[in-house]
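The values are calculated or read from the model by the stated rules, or taken from the named source; none is laboratory data. Remember, predicted model here, so these are calculated numbers, not experimental data. Positions of Cβ are backbone-derived with ideal geometry, glycine not excepted, and every protein chain shown enters the neighbour counts.
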Amino acid sequence: MSDIYTVIQRAKDLGYSAEIFMAELEEVQVKREKQYQNMHIFERGFGLRIIKDGKLGFAYGNKLDNLLDLAIDSLKASKEDKFNILPSPEKVNKMNLKFFDISEGEERIKELMNYGNEIREIVNVISEYYSALNLKVKVVSTEGIDVEEDRSLISFSIAYNVKSDTEVSPEIYEYIASRDPKMLDMEKIEDKVMLMRKIYGRKREKLEKKLTSVKFTTKALAELLVPLFSSSISLENYYRGKTPLKEGETINPSLEIIDNPLMSNAPYSRSFDTEGLPSKLNVLIKEGKVVKFLSNTYWSLKTGKENTHSSSRNYSTLPIISPSILEVNVKEKSENEIVIDQVQGVHTSNFDTGEFSVVASITWNEKEEKAYRELTVSGNLKDLLRGIEGKSGEKEIYGNLYSPSLVIKGINVS
Amino acid sequence: MNVLKKAEELGATFADIRFLRIRDLVLTVTEDREIVSTNGIDEGFSLRVLYQGNWGYKSSTGEPSEEDVKDAINVSYGDEKVNIVYMPPKKDKVEVKPKYDFNKSIKEKLDDLRKIKESVFSLSDRIKSVNIRYYETHYHKEYFSTEEREIQQDFVISGFSIVAVARENDVIASAYVSKSTYQGYPLEVFNMSEVLETLKRRIDGQLKGKTVKAGIYTAILAPEVVGVFAHEAVGHLAEADLAINGILYEKRGQKIAPEFVNIVDSPSLDYKSAIGLTLYDDEGIEGRDAYIIKNGVVNELLTDRFYSAYLGQKPTGNARAEDFRYPVIIRMRNTYFMPSDYSYEEIIRDVKEGVLLVSPRGGQTSPDGTFQFGIQEAYLIENGEISAPLRNVGISGYTLETLGQIKAISKEFDISPGYCGKDGQSVPVGVGGPYVKVEKMKVGGVVE
């Protein structure tokens with residue numbers, strides 16, 4: 001049976017530049033609905049990239065055997081491209097991203113399940129999902145890259161509704177995740193569930209007036225803003241005219257957006273990207289101006305722009321460009337009593353133009369503590385960024401977003 | 001199967017194991033790149049034990065061993081309430097042979113894609129970028145259970161998508177056409193001239209299209225949109241795991257739509273895009289047609305072994321998993337409205353002001369019955385005639401209200417392919433139906 005270094009050497013001997021990306025995952029999951037479905041997962045896989053004379057070959061598998069032959073088949077069919085180059089090594093400053101091993105993670109899940117039981121006393125729980133995982137990532141190449149990292153992640157999510165005498169609320173989701181179990185604030189989830197019970201325990205009303213501005217919670221922003229912005233801030237999409245954003249344009253002087261992979265406890269933190277290059281903090285929007293697009297080695301070389309080390313992949317695919325943790329900073333403070341906490345249908349947006357038309361399924365009036373029936377929110381990414389009036393509350397992590405709630409005007413809410 | 005015997009020895013009342021081998025090829029051609037994006041083999045197993053009334057899974061990319069049985073039993077904790085339907089012993093081998101062979105080399109397939117790219121650019125000089133993605137996924141599945149069921153299945157799902165972005169002055173248009181099939185090499189299964197015509201029509205429609213004023217309209221849903229409605233707005237509500245917390249469970253046996261409305265989920269259909277092909281599901285159960293709505297009445301729900309027992313309903317064969325990494329959950333297969341008596345012309349003739357919704361850009365639903373779809377190709381109807389293309393339309397509403405608003409269903413019928421996401425798992429599905437006229441539908445526009 002082959003090992004990574006043998007395959008790399010064999011490729012080198014045949015005259016190829018080569019790189020292996022390996023991921024090894026061990027995970028325990030508990031999923032509770034009407035029935036429990038619990039899993040113990042072990043997975044290992046390898047992605048092999050080879051380059052010769054500008055031609056690129058790729059193959060993946062759960063075993064290394066025959067991978068090189070498959071990659072050579074791919075290479076023979078591919079088109080020559082002078083920007084197909086593997087990166088050279090750079091110094092990586094390792095962060096500690098592993099906070100538990102899998103058996104400790106499983107014990108922690110059992111503790112978290114007590115919170116799930118408490119929430120079941122408050123609202124009608126539809127499903128609970130717990131996960132604890134250890135992930136080992138390794139990148140080795142003929143160019144001298146040889147980096148490896150262990151990461152942990154624990155997460156909890158819950159879907160529930162609130163039933164009153166007259167109606168049932170829409171399904172409400174809560175989610176929390178961290179590399180470090182100590183950072184999971186379960187009380188905050190319980191407080192939120194209590195608030196939802198109070199608000200959705202009353203009859204939902206139809207919003208009669210047209211709104212000029214609303215407050216999006218961090219969760220709603222993670223659902224709406226993050227996918228649209230992530231696509232639009234890719235250097236590949238910028239180069240190919242598939243983004244509404246333009247370099248150098250000022251969108252909103254109050255706004256700063258940073259891609260920050262260095263927050264060690266955040267779910268998407270990493271010491272290096274999936275090409276083995278050191279993580280760095282990238283300011284994307286500075287004082288409201290678009291100053292940088294995210295890139296990987298290929299798109300950096302092709303466009304002559306900085307490599308932001310934003311390569312992302314799993315072992316079965318070639319590297320693509322993806323943000324790590326998007327940190328949003330807004331100077332001014334602002335408040336609005338209408339709160340949007342959950343949107344649905346974001347995947348129906350046009351990611352090339354930034355246009356969206358989504359349903360805000362969880363919306364309430366903070367002051368009057370009453371919920372509204374579903375609203376339609378439509379506009380485009382630029383309107384969304386341009387319309388940010390100010391921040392409300394402290395920054396929170398939700399998925400790969402680190403942001404306060406934001407008050408936004410100028411989008412169509414009806 | 002030694003691990004299944006070991007599971008029984010250790011006290012499991014039931015155990016099954018799924019082996020999956022997926023041979024995957026993905027090719028990408030853009031305006032200036034030709035890449036083999038994915039080429040490889042994904043192989044592993046998922047062992048499941050029912051131990052003291054709880055499920056425990058062990059999934060791995062390795063070879064199954066007695067240690068894996070112990071791991072599965074170790075995670076089988078819960079409320080000890082799992083009860084399932086048991087099946088009689090059965091051995092079967094199913095091979096769905098493609099009508100059009102895949103016997104071209106990777107290079108030849110890339111050559112075919114390059115020709116398509118050139119044809120796309122020849123459609124209009126306003127097209128600035130194109131992304132063509134070709135895929136073929138060869139499935140080899142084996143299923144074994146302690147009931148002595150041994151099922152083997154081999155089939156291929158393949159397809160392509162073409163996304164083109166055009167620019168005219170400051171207006172950006174982005175449109176796509178996506179096709180998938182179980183019948184073989186997709187560039188031969190589908191008529192590529194028709195595909196390119198469709199792409200051109202969508203690009204032109206978006207560049208010239210006007211934004212519809214948000215409001216309530218009479219809507220004609222074309223087969224692609226009807227399919228997404230059948231899938232998103234009705235089918236998901238009929239998945240028993242969602243239904244028990246949703247609106248359909250309590251409506252079983254009740255009339256919720258006109259008598260001419262019938263919605264079915266089928267394991268296989270003789271349509272080239274019916275990629276929800278599931279002759280046996282991932283619990284080794286034979287697939288059968290499930291009549292979700294029959295003559296306007298909620299008839300039955302889609303089930304797995306657990307929910308068949310829970311509801312006292314005959315198994316439908318809807319338990320599916322994306323691959324060995326995931327647990328089996330209830331999924332749709334090919335979901336569609338059945339056709340009725342009207343012609344398309346008759347349906348559109350008496351619409352004074354309405355919208356024709358031709359092609360969706362995805363959709364979503366909630367168990368409480370709300371749905372939301374994006375639409376990439378739509379037209380304004382005025383006095384019974386198509387008057388203008390519309391740009392970036394969205395529709396939303398309540399399933400029960402919308403079903404009640406159906407006034408006519410056409411004879412014309414088609415099935416489209418899709419990939420459905422649920423609980424982080426994606427599986428191929430077919431969706432479809434005829435033209436359906438909805439008297440009142442909430443249509444949302446985009447502020448520009």
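Checking A:Lys395, A:Lys367, A:Lys409 one by one, the residue that is surrounded by fewer than 18 Cβ atoms within 10 Å (Cβ to Cβ) and part of a loop (DSSP other than H, G, I, E, B) is A:Lys367 and no other. Looking only at residues of the range B:75-88 that are facing chain A (nearest Cβ under 10 Å) and crowded, with 16+ Cβ neighbours inside 10 Å, we find that the one that is farthest from B:Leu4 (Cα to Cα) is B:Gly78. Can you find even one residue in the range A:89-104 that is part of a loop (DSSP other than H, G, I, E, B), buried (at least 20 other Cβ atoms within 10 Å of the Cβ) and among the polar types (S, T, N, Q)? No, there is no match, as no residue in the range A:89-104 is part of a loop (DSSP other than H, G, I, E, B), buried (at least 20 other Cβ atoms within 10 Å of the Cβ) and among the polar types (S, T, N, Q).
Would you confirm whether or not the range A:1-19 contains a residue that is in a strand (DSSP E or B), assigned by TED's automatic domain parsing to the domain that holds A:Gly116 and β-branched (Val, Ile, Thr)? The answer is no, given that none of the residues of the range A:1-19 is in a strand (DSSP E or B), assigned by TED's automatic domain parsing to the domain that holds A:Gly116 and β-branched (Val, Ile, Thr). Being out of contact with any strand residue (DSSP E or B) (no Cβ under 8 Å at 6 or more places or on another chain) and of a type outside the set (Asp, Glu), is that true of even one residue in the range B:321-343? Among the residues of the range B:321-343, not one is out of contact with any strand residue (DSSP E or B) (no Cβ under 8 Å at 6 or more places or on another chain) and of a type outside the set (Asp, Glu), which makes the answer no. Being out of contact with any strand residue (DSSP E or B) (no Cβ under 9 Å at 6 or more places or on another chain) and surrounded by fewer than 24 Cβ atoms within 10 Å (Cβ to Cβ), is that true of even one residue in the range A:339-361? No, there is no match, as no residue in the range A:339-361 is out of contact with any strand residue (DSSP E or B) (no Cβ under 9 Å at 6 or more places or on another chain) and surrounded by fewer than 24 Cβ atoms within 10 Å (Cβ to Cβ).
Scanning the range B:304-320 for residues that are within 12 Å of another protein chain (Cβ to nearest Cβ) and either among the β-branched types (Val, Ile, Thr) or in contact with a strand residue (DSSP E or B) (Cβ under 8 Å, 6 or more places away or on another chain) (or both) yields B:Asp304, B:Arg305, B:Tyr307, B:Ala319.
Looking across the range A:307-332, just one residue is under 25 Å from A:Leu385 (Cα atoms), assigned to a loop (DSSP other than H, G, I, E, B) and hydrophobic (A, V, I, L, M, F, W, C), and that is A:Ile325.
Screening A:Asp65, A:Asp69, A:Asp81 for residues that are acidic (Asp, Glu) and either under 30 Å from B:Phe306 (Cα atoms) or outside any loop (DSSP other than H, G, I, E, B) (or both) leaves exactly one candidate, A:Asp69.
The helices (runs of 4 or more DSSP H) located wholly in the range B:169-238 that include 1 or more residues which are within 14 Å of chain A (Cβ to nearest Cβ) and in contact (Cβ under 8 Å) with a residue 24 or more places away in the chain occupy B:192-208, B:223-228. Do we have A:Ser361 as more than 14 Å from chain B (Cβ to nearest Cβ), part of a strand (DSSP E or B), under 29 Å from A:Leu207 (Cα atoms) and touching a residue at least 40 places away in the same chain (Cβ under 8 Å) here? Considered against the rule, which asks whether it is more than 14 Å from chain B (Cβ to nearest Cβ), part of a strand (DSSP E or B), under 29 Å from A:Leu207 (Cα atoms) and touching a residue at least 40 places away in the same chain (Cβ under 8 Å), A:Ser361 comes out as no. Restricting attention to the range A:152-172 and to residues that are more than 27 Å from the chain's Cα centre (by Cα) and surrounded by fewer than 21 Cβ atoms within 10 Å (Cβ to Cβ), the residue that is nearest to B:Gly246 (Cα to Cα) turns out to be A:Val168.
Out of all the residues in the range A:192-221, which are of a type in the set (Gly, Ala, Ser) and crowded, with 23+ Cβ neighbours inside 10 Å? Selection gives A:Ala220 alone.
Residues that are farther than 24 Å from B:Arg202 by Cβ and polar (S, T, N, Q) within the range B:123-160 comprise B:Thr137, B:Ser145, B:Thr146, B:Gln152, B:Gln153, listed in sequence order.
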